[in-house]
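Quick notes on the structure that follows.
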Amino acid sequence: MSFPTAYTYSEALAEITTSDELLDLLPSFVDPLGVTGIFIADLPSPRETLAPLIRLRGWNAAWIEHYNQQNYVHIDPIAQSLRETMTPYVWSEECSARRLTSSERRVMDEAKDAGLIDGFTIPIHGPRMLTSCVSFSTNGQPLERSVRHCLHFMALLTYHRLNELTRTASCSAATQTSASRLAPRELDCLYWAMRGMKSKEIAFQTRLSIRTVDQYIRTAILKLRAGNRGEAIRLAILNGLLKPS
């Protein structure tokens, strides 16, 4: 794919208004490159599941359901590599470079059985320690360097456009849902924690006891299904409940 074609893709992206239109648009641009599907998601923390963090489902729906049921995201070597690199990688090359456990090998073998012969993943490391990925499944044909560059470029464009399409709707819905679950004091304690305060400092600021502050933060973590205080703050920010100042 030449850069003029990639530029054409950028222009076409600007015209779409929904993620479904995005899935309809992609094949005409990526099918000639051997791409068979696309998947976009945020990487969950060790105590989170993947399902709520999936942004775009553009491949085998049965495989995605099975993957989530088995909680494979915490076994999958391709997903784990997201924590270790900022460079795009081909699945087969990444697996060849490391010694896979039997569990990791099982995930990769089952993916192939589901039609994901190979793939190309682009890590996206955003603010507040957020790690996301754009993954293209492929038919197993070797990806030339020029093709990888174009897929990388297209992945960034796609991710950015998806953020634009979903930010308003998702933040609005998430805010309503989470706001109904978080008590004012829980949100207040998270706010001061976001400002870098420890429990003792939050207690002084809010005129609560340290024990009460910790309790409010623990319940906020549970309600947001976060793994720790930092994750709860991140989710609250992403949901529009907290605004960094």
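Here are the numbers:
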item: Separation in nanometres of the label points that stand 7 Å from Cα toward Cβ, at residue 164 and residue 21; result: 1.1 nm
item: FRET efficiency estimate (nearest 0.05) - Cβ-Cβ, residue 47 to residue 209, R0 25 angstrom; result: 0.40
item: Computed over the chain, Cα set: Rg, Dmax in Å; result: 20.2, 63
item: Residue-normalised accessible area of the chain, expressed per residue, 1.4 Å probe, Å²; result: 53 Å²
item: Calculated diffusion of segment 94-142, Stokes-Einstein form, Kirkwood radius summed over Cα pairs, 4 °C and 1.567 mPa s, µm²/s; result: 104 µm²/s
item: Structure-based [θ]222 nm, the chain - -39500 (n - 2.57) summed over DSSP H runs of at least 4, per residue, nearest 500; result: -17000 deg cm²/dmol
item: Mean separation of Cα contacts under 8 Å, 6 or more apart, over the residue count of the chain: relative contact order %; result: 20 percent
item: Size of electric dipole in the chain: Cβ of Lys, Arg +1 and of Asp, Glu -1, about Cα centre, debye, nearest 20; result: 1540 debye
item: Segment 1-135: relative contact order as a whole-number percent, Cα under 8 Å and 6+ apart; result: 23 percent
item: Accessible area of residue 54 in the full protein assembly, 1.4 Å probe (Å², nearest 10); result: 30 Å²
item: Apportionment of accessible area to carbon and sulfur, the chain, percent (1.4 Å); result: 53 percent
item: Under 17 Å from residue 198, Cα to Cα: aspartates and glutamates that are on another chain or at least 8 residues apart; result: 186, 188, 214, 231
item: Net charge of Cβ neighbours under 14 Å - reference residue 214; Lys, Arg +1; Asp, Glu -1; result: +3
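The values are calculated or read from the model by the stated rules, or taken from the named source; none is laboratory data. These numbers were taken from a predicted model, which means no experiment stands behind them. A quick note on method: Cβ atoms are made from the backbone with ideal geometry, for glycine too, and the neighbour counts reach across all protein chains shown. SASA here: full protein model, heavy atoms, side chains in, ligands and nucleic acids out. Shrake-Rupley method; radii C 1.70, N 1.55, O 1.52, S 1.80 Å.
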